[in-house]
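Single-structure report; data block below.
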Amino acid sequence: MSSSYGPTVYCIGRNYADHAKELANPVPAEPVVFLKAASAVRPLAEGQTAHAGETFHHEAELVIRIGRETALGSTGSWELVDGLALGLDLTRREVQTKLKEKGLPWTLAKSFAGAAPVGPFVAQERFADINKIKFSFGVEGIPRQKGDTSDMLFQIPTLLTFLLKANRLVPGDLVFTGTPAGVGPLRHGESFTLAFDELGLAFTGRL
């Protein structure tokens with residue numbers, strides 16, 4: 001049975017120990033999952049962004065796209081993935097902190113128009129080791145973040161299996177797999193670059 005809705009944008013928090021520590025968060029024992037609205041997704045180069053007068057925190061991440069429908073309770077694997085991209089989980093950090101202090105959900109700090117810029121998708125066959133993908137992020141030519149997916153606390157098959165415990169996955173669903181340490185400010189109008197280091201592929205964007 002095919003789905004007439006989607007995509008769902010799943011995001012994994014605290015999936016790199018160093019990032020959890022830099023925000024003074026505990027290292028989780030299981031994946032931390034939150035959602036962004038589909039309307040948060042935009043291309044890197046251009047797109048409307050809500051709250052444009054604010055300063056966001058950038059969180060550079062590997063993004064995977066689901067290529068086939070998978071039933072609830074299935075075991076996740078790389079076979080479900082039909083493309084990999086780099087993207088940003090933009091965060092209204094001050095808003096998030098205030099909401100967390102009140103014990104309230106922090107959806108409005110994570111899900112808003114333009115909160116999920118995503119670059120072009122690349123076939124997984126292009127990578128020498130799909131479990132060890134190195135990527136980097138810079139703002140206005142200044143390096144900010146470097147990641148290696150082998151450092152993730154929960155690898156892709158584990159993440160997909162965890163998500164499938166609660167939801168079936170459908171083609172077009174996106175999973176933001178977590179950010180390494182080095183998050184920092186990003187302002188409207190600033191240019192940035194996301195790169196798959198191994199492939200020599202760099203994608204430029206502007207907030």
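Can you tell me how many residues in the range 37-62 are closer than 17 Å to P185 by Cβ, surrounded by fewer than 17 Cβ atoms within 10 Å (Cβ to Cβ) and in contact with a strand residue (DSSP E or B) (Cβ under 8 Å, 6 or more places away or on another chain)?
So the answer is 1.
Could you check, for the range 18-36, whether at least one of its residues is surrounded by 19 or more Cβ atoms within 10 Å (Cβ to Cβ), of a type in the set (S, T, N, Q) and over 19 Å from N131 (Cα atoms)?
Taking every residue of the range 18-36 in turn, none turns out to be surrounded by 19 or more Cβ atoms within 10 Å (Cβ to Cβ), of a type in the set (S, T, N, Q) and over 19 Å from N131 (Cα atoms).
Which ones in the range 18-58 are in contact (Cβ under 8 Å) with a residue 24 or more places away in the chain, of a type in the set (G, A, S) and within 19 Å of R93 (Cα to Cα)?
Residues satisfying the conditions are A37, A40, A50, A52, G53.
With the condition kept exactly as written, say whether any residue in the range 108-117 is within 18 Å of the chain's Cα centre (by Cα) and either within 21 Å of L199 (Cβ to Cβ) or assigned to a strand (DSSP E or B) (or both).
yes
Take the residues of the range 143-181 that are of a type in the set (D, E, K, R) and in a strand (DSSP E or B): which is farthest from S77 (Cα to Cα)?
Looking at residues that are of a type in the set (D, E, K, R) and in a strand (DSSP E or B), I get R144.
Within the range 189-207, take every residue that is part of a loop (DSSP other than H, G, I, E, B) and closer than 13 Å to L88 by Cβ and give me the one that is modelled with the lowest pLDDT.
The residue in question is L207.
Just to be sure before I move on: is G178 within 22 Å of D18 (Cα to Cα), surrounded by 14 or more Cβ atoms within 10 Å (Cβ to Cβ) and either among the hydroxyl-bearing types (S, T, Y) or in contact (Cβ under 8 Å) with a residue 12 or more places away in the chain (or both) in the structure I sent?
Judged against the criteria, G178 is a match.
Grab the strands (runs of 3 or more DSSP E) fully contained in the range 1-105, keeping just those with 3 or more residues being farther than 19 Å from L174 by Cα and at pLDDT 90 or above.
Per the criteria, 55-58.
The values are calculated or read from the model by the stated rules, or taken from the named source; none is laboratory data. Just so it is clear, the structure is predicted and the values come from calculations on it, not from any experiment. Neighbour counts are summed over all protein chains in view; Cβ atoms, including those assigned to glycine, are modelled from backbone coordinates with ideal geometry.
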